[in-house]
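The structure appears below as structure tokens.
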Amino acid sequence: MKSEHLYNYILGIADNSLILGQRLGELCGHGPSLETDIAGTNISLDLIGQTRSYYQYAAKISGENKTEDDIAFLRLERGYKNVLLVEQPNTHFGYVMGRQYLFDVFHLLLLQELQFSKDQTLAAIAKKGIKEVSYHKRFSGDWIKRLGDGTPESTAKMQEAIDDLWPYTQELFDMTDADTAMAQEGIGVDVSKLKESYYKQVKTLLTQATLEVPQSTYFSRGGKNGVHSEHMGYLLADLQYMQRTYPNMEW
Amino acid sequence: MSNEQIKNLEEIFEARIARDEKIEAKDWMPEKYRKTHIRQISQHAHSEIVGMLPEGNWISRAPSLRRKAALLAKVQDEAGHGLYLYSACETLGISREELYQQLHSGKAKYSSIFNYPTLTWADMGAIGWLVDGAAIINQVPLCNTSFGPYARAMVRVCKEESFHQRQGFEIMLKLCNGSKEQKDMAQDALNRWWWPSLMMLGPTDAESVHTEQSMKWKLKRKSNDDLRQQFIDQTVPQADILGLTIPDPDLKFNKQTGSYDFGAINWDEFWQVVKGHGPCNKQRISARVAAWDNGAWVRDAAMAHAAKKEELKVKIAI
Ligand SMILES: [Fe+2]
Ligand SMILES: [Fe+2]
Ligand SMILES: [Fe+2]
């Protein structure tokens, strides 16, 4: 393989898009309104589209005869590198928007740096993604404001979601070996440096939404190293169902 | 208004339709025209959004990323169709909430085909190929219907439906060129969807109501039986290309008519499903009701938030 680190680095970014796209896809047709269904599907489509670009690139540099689908569907759970945040379930619409916003802020900061990568392919994917993710962030942020500063019931529900999702935010800024190696080469982004801007933006929005910023200092991590939550196995059972049941076929 | 005046308006109205003029929402129209259109357009809108459910069922299990993206896009298109059709219906003076109430209470109907389950990936192919295919045959004539908002919605919808139909056929083609399991899956899907697709074109002419009035208003331009024949004649050669067998032993090309003769349709099954006793009627409606009920707090919050912002604007202005 041309670069083990580069390969792992790409998967570290792409897996977040895949798993979040998968979660949003589960909701299609079951949301609170036709408009939110359409928007949620749109975001899912963007994320799956980004995933494909990353995996196609990863497949190419793997040097083996891999395809984007081998990477997407045929790894063991421990091989997926997404953060715990994106695999959290669609408990209710507040969780869906909370998870989305807490990821979108990070995602946009990441792509804004990645567009200057020395790796031309990654830079191009990032550039294209910035427009999409800016829209995602606006959509989810607007909903947090509506739900946070809506009715007493919606405020409580939105607060509950933010409180529950908050412990998964710190993992976004952990540096893996691949992250460190790629950042040193000017290919990857030093995500630890995005932390300050991230929390500043999130806190501002939560305040606008009349929500409290969680004070908890306990954080969960593990996804980046393939140690996931109990939810992940079920998500993968759905995701991988066809490829596992009917191996080596074209669809 | 006197009866005389109303009769006069009705004559002018019918003459406009006969001249192929479009009726717009703000135009005067007979009450029966309004009611019939609310019923038909909302039934169509409901079909679009209930139709999202059987296909949505396979988004999380799509076999490749390319197929997952295409399926997401398709289901999203159906949501879009629902949206234009509800909007067209709202121009006739009924709210979306009311329309949803009618769907949830069972008062309004939707296309019965969506009360069948999607059991394998091949069902995504069969639905696109057959169900979107039959929908196009039903809907192309409506692009020239007399009510302007409906006609315009149909032009846009039909374009997307034909894309869905080709995409469905392509899913089937891939399966039919694949392994034995894949080909069996495709044949099984055709076996299950063929007859319900034929039923989708509506009851046989002898049992079909409202037709004469609908013809005059261009809500219907061909009879159900003619549409069904058109669908069969178009689809059988496609099944041949796929190398699949249509599950009808009586299906035979008739040289005299240039059409396919086909076997008897089980209309008892059709009426059973229409009356609410198909395999998934309850499940489909419960899913819609659950989405609506679980979303109530979200919609309330959006309204409350908008009202607060409005109030703030007024305060600042003062
Ligand atoms: Fe549609
Ligand atoms: Fe349709
Ligand atoms: Fe369609």
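Please treat every number below as a calculation from the coordinates, not as lab data. No experiment lies behind these values; they were computed from the predicted model shown. Glycine gets a Cβ as well: all are built from the backbone with ideal geometry, and neighbour counts include every protein chain shown.
Remarks
- Each stretch of four or more DSSP H residues adds -39500 (n - 2.57); spread over every residue of chain B, this sum gives -21500 deg cm²/dmol at 222 nm.
- Here B:MET1, B:MET172 are placed in order of increasing Cβ neighbour count within 10 Å, fewest first, which gives B:MET1, B:MET172.
- Charged neighbours of A:ARG244, selected by a Cβ distance under 14 Å, balance to -3 (K, R count +1; D, E count -1).
- For the stretch A:117-251, the residue among A:GLN215, A:SER117, A:ALA156 whose Cα projects farthest onto the positive side of the dipole built from Cβ charges is A:SER117.
- Cα gyration tensor category, rounded, prolate or oblate, for the stretch A:1-49 with a/c compared to 1.5: prolate
- Ranking A:ILE38, A:LEU20, A:TYR7 by Cα position along the charge dipole of the stretch A:1-64, where only Lys, Arg, Asp and Glu carry charges on their C-beta atoms, puts A:TYR7 farthest toward the positive end.
- Residue by residue along A:46-57, Cβ atoms of other protein chains within 10 Å of the local Cβ number 2 on average.
- Sequence-separation-based contact order of the stretch B:8-119, relative, with Cα cut under 8 Å and 6+ spacing, percent: 36 percent
- Inter-centroid distance (Cα atoms) of the stretch A:204-251 relative to the stretch B:195-221, Å: 49 Å
- For A:SER53, neighbours were defined as the other residues whose beta-carbon sits under 10 Å from its Cβ, and their charges (Lys and Arg +1, Asp and Glu -1) total +1.
- Taking θ as phi - 60° and the Karplus parameters 6.51, -1.76 and 1.60, the scalar couplings of the stretch B:121-129 work out to 4, 4, 5, 5, x, 5, 5, x, 5 Hz in sequence order, x denoting glycine and proline.
- Residue among B:TYR86, B:TYR116, B:TYR260 with the largest mean-square fluctuation in a Gaussian network model of chain B, springs linking Cα atoms under 10 Å: B:TYR260
- Pairs exceeding 22 Å between alpha-carbon atoms, taken from A:LYS127/A:LYS200; B:LYS159/B:LYS180; A:LYS118/A:LYS193: A:LYS127/A:LYS200; B:LYS159/B:LYS180.
- ³J(HN,Hα), Karplus 6.51/-1.76/1.60, whole Hz, each residue of the stretch B:299-306, x for Gly, Pro: 5, 4, 4, 4, 5, 4, 5, 4
- Close amide-amide hydrogen proximity is noted between B:SER259 and B:ASN254, each under 5 Å apart and 5 or more residues distant or on a separate chain (H modeled in the peptide plane; Pro and chain starts excluded).
- Mean residue ellipticity, 222 nm, helices only, chain A: the sum of -39500 (n - 2.57) across DSSP H runs of n ≥ 4, divided by residue count and rounded to 500, is -22000 deg cm²/dmol.
- As a rough footprinting exposure proxy, the listed residues B:LYS218, A:LYS157, A:LYS131 were ranked by other beta carbons within 10 Å of their own, and the order from fewest upward is A:LYS131, B:LYS218, A:LYS157.
- Partner chain coverage, peptide A:148-157 - average Cβ within 10 angstrom: 5
- Remark: the stretch B:155-166, residue by residue, has Karplus-estimated 3J(HN,Hα) of 4, 5, 4, 4, 4, 6, 5, 6, 4, 4, 5, 5 Hz, where x stands for each Gly or Pro and the curve is 6.51 cos²θ - 1.76 cosθ + 1.60 at θ = phi - 60°.
- Here the residues A:PHE93, B:PHE231, A:PHE116, B:PHE262, ranked from fewest to most Cβ neighbours within 10 Å of their Cβ, fall in the order A:PHE116, B:PHE262, B:PHE231, A:PHE93.
- Degrees separating the helix B:31-56 axis from the principal Cα axis of chain B, which is the longest one: 50 degrees
- Alpha-carbon centroid distance for the pair the stretch A:130-165 / the stretch B:246-261, whole angstrom: 58 Å
- Dipole of the stretch B:204-318 [Lys/Arg +1, Asp/Glu -1 at C-beta], most positive-end residue of B:CYS280, B:GLN230, B:GLY243: B:CYS280
- Distant-in-sequence amide H partners of B:ILE23 (H built 1.01 Å from N, under 5 Å): B:PHE147, B:GLY148
- Efficiency of FRET from Cβ geometry, B:HIS104 and B:ASP20, R₀ 45 Å, rounded to 0.05: 0.75
- Separation of alpha-carbon centers, the stretch A:63-117 and the stretch B:64-114, rounded to whole Å: 30 Å
- Here chain B is assigned +1 on the Cβ of each Lys and Arg and -1 on the Cβ of each Asp and Glu. Its dipole about the Cα centre then comes out at about 920 debye.
- Paramagnetic reach from B:THR91 (point 7 Å along Cα→Cβ, amide N under 14 Å) across the stretch B:121-160: B:143-157
- Dipole in debye (nearest 20) - the protein assembly as shown, about Cα centre, beta carbon charges: Lys, Arg +1; Asp, Glu -1: 840 debye
- Cross-link partners of B:LYS222 among aspartates and glutamates, defined as those whose alpha carbon lies under 20 angstrom from its own and excluding same-chain residues fewer than eight positions apart: B:GLU14, B:ASP20, B:GLU21, B:ASP132, B:GLU161, B:ASP205, B:GLU207, B:GLU212, B:ASP233, B:ASP261.
- Anchor B:LYS107: lysines whose Cα lies under 22 Å away (excluding residues fewer than 8 positions away in-chain): B:LYS32, B:LYS35, B:LYS275, B:LYS282
- Note on chain B: GNM, Cα springs under 10 Å; of B:ILE38, B:ILE49, B:ILE241, the largest mean-square fluctuation is that of B:ILE241.
- For B:LYS68, a cut-off of 15 angstrom between C-alpha atoms picks up these aspartates and glutamates, skipping any fewer than 8 places away in its own chain: A:GLU26, A:ASP46, A:GLU68, A:ASP69, A:ASP70, A:ASP238, A:GLU250, B:GLU55, B:ASP77, B:ASP123, B:GLU170.
- Kirkwood hydrodynamic radius of the protein assembly as shown, from the reciprocal of the average inverse Cα-Cα distance over all distinct pairs: 26.1 Å.
- Residue with peak Gaussian network fluctuation, chain A [Cα springs, cutoff 10 Å], from A:LEU18, A:LEU45, A:LEU172: A:LEU45
- In this Cβ point-charge picture (+1 for Lys and Arg, -1 for Asp and Glu), the stretch A:46-163 has a dipole of about 340 debye about its Cα centre.
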